[in-house]
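Scroll down for the structure; my scribbles are underneath it.
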Amino acid sequence: MELLKNFIKYKSDSKGLKKETLELYRGDIKDFEEFIEKDLLEIKKEDILKYIEFLKKNYQPNSIIRKISTIKTFYKYLLEKRMIDDNPTEGITIEKAPERELETLELWEINNILDTCTKDYKGTRDRLVIKLLVETNLSINDILKIQISDLEMSSYEYIFNDDKGEKIQISEEVSKDLEYYVKNVRDKLFSGNSNLVFFGFSRQSFRARFIALGKKCGIEREITPNMLRNTLKTMVKYNDEINDEQFFLDLKEKYFKIGIGDD
């Protein structure tokens with residue numbers, strides 16, 4: 001375990017990686033060690049190939065790629081530190097997983113989901129989160145990290161995404177909804193001194209509520225919150241003007257007039 005500990009420290013010091021990434025490294029190497037049941041310094045190429053066959057039977061392609069990438073990084077580190085003479089992962093490649101078609105929602109489906117949100121405080125929050133997901137193209141995790149102090153600094157006109165260094169302008173309608181939620185609704189749902197706009201709300205909770213809303217409004221297929229951001233992303237992807245920023249903004253405006261009930 002000392003090897004793993006030193007490797008994690010090395011990656012943390014040299015790359016400044018996020019805690020979540022380091023935990024993935026730690027978990028991937030532990031999984032490998034438990035499967036192989038050998039000293040990590042005595043691993044051969046055949047051991048890696050045997051592990052890959054095991055992964056193919058138990059994991060999705062993207063997970064396999066990540067796990068093997070971690071192991072390759074680990075053994076490159078061991079080689080650099082002169083702890084091994086040969087890299088057992090040398091020459092091993094994993095085929096890239098085929099690109100999956102993005103699952104999207106129809107505009108009428110989004111509109112029906114919004115209309116189905118309850119008229120109470122929780123429904124107001126659900127409606128706001130859905131609008132933010134579509135308009136900003138951020139993930140639910142990013143939305144849940146929005147801070148009140150950032151919004152106040154920009155008069156509720158921008159969303160700041162520190163992880164990606166983005167400053168995203170939002171529509172006047174959503175800006176007003178967001179300010180109303182912070183000043184009139186948020187404290188009715190959760191009391192506390194948190195700077196987070198959606199304090200007390202989790203990704204899992206929103207996912208469950210979103211799926212329930214879909215069923216309530218008559219959507220028979222399985223839906224997830226990711227389909228909200230995929231919808232706009234796909235519309236932009238297949239347009240010749242994908243790199244035109246103004247086109248993107250115009251499309252969002254048109255999209256909201258159609259999809260969020262502005263008849």
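Put the Cα centre of region 163-231 next to the Cα centre of region 17-72 and the gap is 35 Å. Take every pair of alpha-carbon atoms less than 8 Å apart whose residues are at least six positions apart; their mean separation over the length of the chain yields a relative contact order of 19 percent. Quick one: grab the alpha carbon gyration tensor of the chain, order the square roots of its eigenvalues as a ≥ b ≥ c, and give me rounded if a/c is under 1.5, else prolate or oblate depending on whether a/b is larger than b/c. Prolate, because a/c is 1.5 or more and a/b exceeds b/c.
The residues packed around Lys122, meaning those with a beta-carbon under 14 Å from its beta-carbon, carry a net charge of +4 if Lys and Arg are +1 and Asp and Glu are -1. Provide the FRET efficiency to the nearest 0.05 for the Glu95-Leu41 pair, computing r from the beta carbons and using R0 = 25 Å. It comes to 0.30.
What does the C-alpha gyration tensor say about the overall shape of region 66-180? Classify as rounded when a/c is under 1.5, otherwise prolate if a/b is larger than b/c, or oblate. Prolate shape, in that a/c is at least 1.5 and a/b is the bigger ratio.
Here's how it looks for Cys217: its modeled amide H is under 5 Å from none belonging to a residue 5 or more places away or on a different chain. Note that the chain presents 61 Å² accessible area per residue, ligands and nucleic acids not counted, probe 1.4 Å. Expressed as a whole percent, the accessible area of the chain that falls on carbon and sulfur atoms is 46 (1.4 Å probe). What the phi angles of region 205-222 give under the Karplus curve with 6.51, -1.76 and 1.60, with θ = phi - 60°, is a coupling list of 5, 5, 4, 5, 5, 5, 4, 5, 5, x, 5, 5, 8, x, 7, 7, 6, 6 Hz, glycine and proline written as x. Fully extending the segment from Thr224 to Leu102 would add 42.7 nm, taking 0.36 nm per residue of separation and subtracting the current Cα-Cα distance. Accessible area of Glu135 (1.4 Å probe, protein heavy atoms only, ligands and nucleic acids ignored): about 10 Å². Taking Lys and Arg as +1 and Asp and Glu as -1, the other residues whose beta-carbon sits under 9 Å from that of Asp163 total 0.
A cut-off under 10 angstrom between Cβ atoms defines the neighbours of Ile65, and their net charge, with Lys, Arg +1 and Asp, Glu -1, is +2.
Per-residue Karplus couplings for region 56-67, computed as 6.51 cos²θ - 1.76 cosθ + 1.60 with θ equal to phi - 60°, are listed in order as 4, 8, 10, 9, 6, x, 5, 5, 5, 4, 5, 5 Hz, Gly and Pro entered as x.
A 1.4 Å probe, protein heavy atoms only, puts the accessible area of Arg221 near 100 Å².
Solvent-accessible surface (1.4 Å probe) assigned to Leu144 amounts to roughly 20 Å². Under 5 Å between amide hydrogens, built in the peptide plane, is the criterion, and for Glu166 it picks out Asn161 among residues at least 5 positions away or on other chains. For region 107-148, backbone nitrogen atoms closer than 17 Å to the point 7 Å from Lys167 Cα along Cα-to-C-beta are found at 147-148. Extension gain for the segment Leu196 to Glu20, taken as residue separation times 0.36 nm less the Cα-Cα distance, is 61.4 nm to one decimal. Converting phi to 3J(HN,Hα) with the Karplus coefficients 6.51, -1.76 and 1.60 and the offset θ = phi - 60°, region 123-129 yields x, 4, 5, 4, 4, 5, 4 Hz in sequence order, with x at every glycine or proline.
The values are calculated or read from the model by the stated rules, or taken from the named source; none is laboratory data. Being a predicted model, the structure only gives us computed values, none of them experimental. Positions of Cβ are backbone-derived with ideal geometry, glycine not excepted, and every protein chain shown enters the neighbour counts. These area figures cover heavy atoms from the full protein model, side chains too; ligands, DNA and RNA do not enter into them. Shrake-Rupley method; radii C 1.70, N 1.55, O 1.52, S 1.80 Å.
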